[in-house]
Amino acid sequence: MNSRSSLLLVGGLLLAPCAAPATDAGVPSVDVPPAPLACLAKWYPVLSPVRLESGWGFRLPDGRTYPFNDGRAKSFEEKLESPDLEDTLSIPYRTGPLAPVTREDEDPGRIRFDPLFHAAYGASEDRVDVVPIRFLGQRLKVHRKVAPAFRRVAARLEALLAKDASLKPFLTNLGGTFHWRKIANTNRQSAHSYGVSIDLNPSRAHYWEWQPKHQPLRWANTVPQAIVDAFEAEGFIWGGRWYHYDTMHFEYRPELLDPACAPR
Ligand SMILES: [Zn+2]
């Protein structure tokens with residue numbers, strides 16, 4: 001019962017008691033998952049869309065099912081603390097020219113659904129399958145599944161460095177990749193826990209937590225456009241596109257760069 005087709009079959013059996021009304025031809029009128037959920041299943045094959053009584057949901061390999069949309073209206077903070085999977089897509093990620101982020105809580109990608117990452121990458125430190133890679137002459141540990149994407153970014157950055165040495169200071173003394181930990185001052189798991197994130201040189205970075213407290217956040221950045229473009233081209237989002245900015249931080253979140261995953 002651990003193959004993907006078996007799991008889908010279980011979903012199919014569950015479908016019977018709560019299926020949408022049949023048409024005249026006897027075919028359920030609603031039998032395909034919402035496009036964003038289908039898109040997520042493409043990037044995270046551990047996820048199997050299933051019909052639940054409350055609507056569309058998904059099953060993870062441990063057999064648990066979750067609603068795609070739990071039907072609760074939430075503030076941004078509530079989405080951070082207890083998101084459903086649809087919430088993780090609720091703030092669009094935009095590529096293009098770098099610009100200050102001034103809209104409060106515009107943090108595309110900071111909402112994460114940990115059960116999915118636990119299933120995709122590992123639910124504890126010793127279960128995260130990290131492998132060593134060479135990245136611009138430095139040895140880093142990243143998740144085996146994401147290592148090819150990291151290598152493609154490294155190739156892009158090497159080509160850029162060959163033409164423009166001014167990028168070098170951002171790409172030396174890298175701040176780190178795999179580290180099983182909570183996000184500072186929170187009870188939420190850091191994306192660094194899964195081996196899918198990298199911090200560039202912290203001494204060239206700006207981070208909202210370093211700002212004096214009790215002041216509106218004031219976005220700041222010196223990371224060049226070309227570096228951001230190289231990561232985004234390979235499915236990584238950048239923390240510099242967040243109101244709660246973290247300009248050293250890149251994270252493999254291909255669903256946020258795939259227009260097919262955007263909520264309708
Ligand atoms: Zn980081």
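The values are calculated or read from the model by the stated rules, or taken from the named source; none is laboratory data. Computed from a predicted model, the values in this text were never measured in an experiment. Positions of Cβ are backbone-derived with ideal geometry, glycine not excepted, and every protein chain shown enters the neighbour counts.
Observations on the structure shown:
- The criterion of being within 13 Å of the ligand (Cβ to nearest atom) and part of a loop (DSSP other than H, G, I, E, B) holds for F178.
- R103 fulfils the conditions (1) closer than 18 Å to F250 by Cα; (2) surrounded by fewer than 19 Cβ atoms within 10 Å (Cβ to Cβ) except for a single criterion, (1).
- Residues of the range 207-251 that turn out to be of a type in the set (G, A, S) and within 14 Å of the ligand (Cβ to nearest atom), as a count: 2
Okay, residues lined up against (1) within 17 Å of Y194 (Cβ to Cβ); (2) of a type in the set (K, R); (3) outside the structural domain of W238 (by TED's automatic domain parsing); (4) surrounded by 12 or more Cβ atoms within 10 Å (Cβ to Cβ):
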{"residue": "H118", "(1), (2), (3), (4)": "yes, no, no, yes"}
{"residue": "G122", "(1), (2), (3), (4)": "yes, no, no, yes"}
{"residue": "R134", "(1), (2), (3), (4)": "no, yes, no, no"}
{"residue": "Q138", "(1), (2), (3), (4)": "no, no, no, yes"}
{"residue": "F150", "(1), (2), (3), (4)": "yes, no, no, yes"}
{"residue": "R156", "(1), (2), (3), (4)": "no, yes, no, yes"}
{"residue": "F170", "(1), (2), (3), (4)": "no, no, no, yes"}
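- Sub-6 Å Cβ pairs linking a first residue in the range 176-202 that is free of Cβ contacts under 8 Å to residues at least 12 places away in the same chain to a second residue that is near the ligand (Cβ under 10 Å from one of its atoms) and among the hydroxyl-bearing types (S, T, Y), at least 6 apart or interchain, are I183/S190, ordered by first then second residue.
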